[in-house]
1. Checking S140 against (1) small (G, A, S); (2) open to solvent by 30 Å² or more (accessible area, probe 1.4 Å); (3) outside any loop (DSSP other than H, G, I, E, B), which single condition isn't satisfied?
2. Pull up segment 250-274, narrow it to residues that are open to solvent by less than 80 Å² (accessible area, probe 1.4 Å) and within 14 Å of Q209 (Cβ to Cβ), then point me to the one that is nearest to the chain's Cα centre (by Cα).
3. Of the residues I329, I371, which single one is closer than 22 Å to P242 by Cβ, open to solvent by less than 10 Å² (accessible area, probe 1.4 Å), out of contact with any Cys (no Cβ under 8 Å at 6 or more places or on another chain) and not polar (S, T, N, Q)?
4. Would you pick out the residues in segment 122-152 that are more than 13 Å from the chain's Cα centre (by Cα), modelled with pLDDT of 90 or more and under 23 Å from D41 (Cβ atoms)?
5. Just to be sure before I move on: is G150 of a type outside the set (F, W, Y), on the phi > 0 side of the Ramachandran plot and in contact (Cβ under 8 Å) with a residue 24 or more places away in the chain in the structure I sent?
6. Give segment 276-289 a look and list any residue that's open to solvent by 40 Å² or more (accessible area, probe 1.4 Å) and at pLDDT below 95, or say none.
7. Pairs needed: first member in segment 179-193, outside any strand (DSSP E or B); second member anywhere, of a type in the set (S, T, N, Q) and modelled with pLDDT under 95; C-beta distance under 9 Å; at least 6 residues apart or different chains.
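The values are calculated or read from the model by the stated rules, or taken from the named source; none is laboratory data. Worth saying up front: this structure is predicted, and the values here are computed from it rather than measured. A quick note on method: Cβ atoms are made from the backbone with ideal geometry, for glycine too, and the neighbour counts reach across all protein chains shown. Just so you know, the surface numbers come from the protein's heavy atoms only, side chains and all, with ligands and any DNA or RNA stripped out. Shrake-Rupley method; radii C 1.70, N 1.55, O 1.52, S 1.80 Å.
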Amino acid sequence: MKNLIYIVALLLTVGMFQSCSDDDYPVPPASTVPEYSYTIDNDEFAPATVTFTNNSIVPETVGSVTYYWNFGDGQSTSEENPTHLYTEPGAYNVNLVVATSESLEINEITKTIVIRDPSATGVPIYFTDGAQVYEGLINSQAPIFTPLSGVAAQSSYGMVMDKINHKLYISDYGADKIYRSNLDGSDFEEFRVGVDSPNGMAIDYQDNQLYWDTSSGIQRGNIDDSDVNQVEDFVTGQTNDPDGLSIDLVNRKLYWINYNGGVWVKNLDGTGEAELIPAIEGGSILVVGDKIFYDEYVASGDIRLKSANLDGTGISTLAVNIGRVVYGIGYDANDNKIYWGDRATDVMMRANLDGSSPEAWFTHSADTRGIVIGELE
């Protein structure tokens, strides 16, 4: 009898939960998710026609759907999959709004469409946000960057430009690889594999060597050697994690900075390894003329950009309150300016070499790392 009462009570309890589940706590209907993709003709140069493909997720339960497109140039449409002609170059914020009749939803998405100027000239500049490589120009116009076609996604913190052979080298910290491509992204290939968390890189044109950091030292490889496993140790035993590096081609010296302490130098012939500036924590270093430029962690939210003489003396502070450790300092020889990325604000900054006239030059949707700058076209 007790068993029968227990079974009846159990069935009643289950029935109550089922009833609550069905009637009192209904599962909320699925929501719309706006999304679109696009293609740009004419190699993305103005005038260019952009074809939009509406990839929005629209459940059947939401009722009828209306699409509102704003193309960012004063024009709009309610077509589901529109095309639009941009006659002028620029960066256009294209907004898609999805509105429903039954669920009364209004959801939207905005993406930036870049239409390039076929007559634009300037100094080429590249950076990576850790997923893609972007190219742009430094000139009198507002900066416009486009993803470099052909370069695969990578977890990159560093790049270097081979200005003689017109190549980009891209480190992949996550995959333990270094990639190489032409400046337009073509001929993308693996240069070295299994290289232990590379970040910064530098090129010695005289001996045709590419240098890169590892978690405990610095290695190098011959640029003309196609063997992806050809590696030579140059610095070993650096337990404090080298990150950025740069070469003084005139005096034949390699400089590097450690994430956990110290600015170091070593002659390219393998002699004279020494710590120049102790107790410095940073991610980037760059030789410009008779100066080195580097970042220094002082406190959380206060990373400082500094310069020093090549022997480590004459230290000056150029910028303060940078949000996170810098990965990538670039130099524009045409305007004699230094560029760096603040990864806390996703802003690329620039200033004169003495730190004067600082300005927020470009804002990205993610990090601006591995900044490299070419020569005036």
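1. The failed condition is (3).
2. So the residue we want is L254.
3. Details: I329 fails: open to solvent by less than 10 Å² (accessible area, probe 1.4 Å).
Testing whether each residue is closer than 22 Å to P242 by Cβ, open to solvent by less than 10 Å² (accessible area, probe 1.4 Å), out of contact with any Cys (no Cβ under 8 Å at 6 or more places or on another chain) and not polar (S, T, N, Q) leaves just I371.
4. Within segment 122-152, G136, L137, I144 qualify.
5. yes
6. P278, A279, E281
7. Short answer, once both residue conditions are applied: D184/S149; G185/S149; S186/S149.
Residue-by-condition table, conditions (1) buried (at least 17 other Cβ atoms within 10 Å of the Cβ); (2) more than 29 Å from L276 (Cβ to Cβ):
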site	(1), (2)
K163	no, no
V193	no, yes
D207	no, no
Q219	yes, no
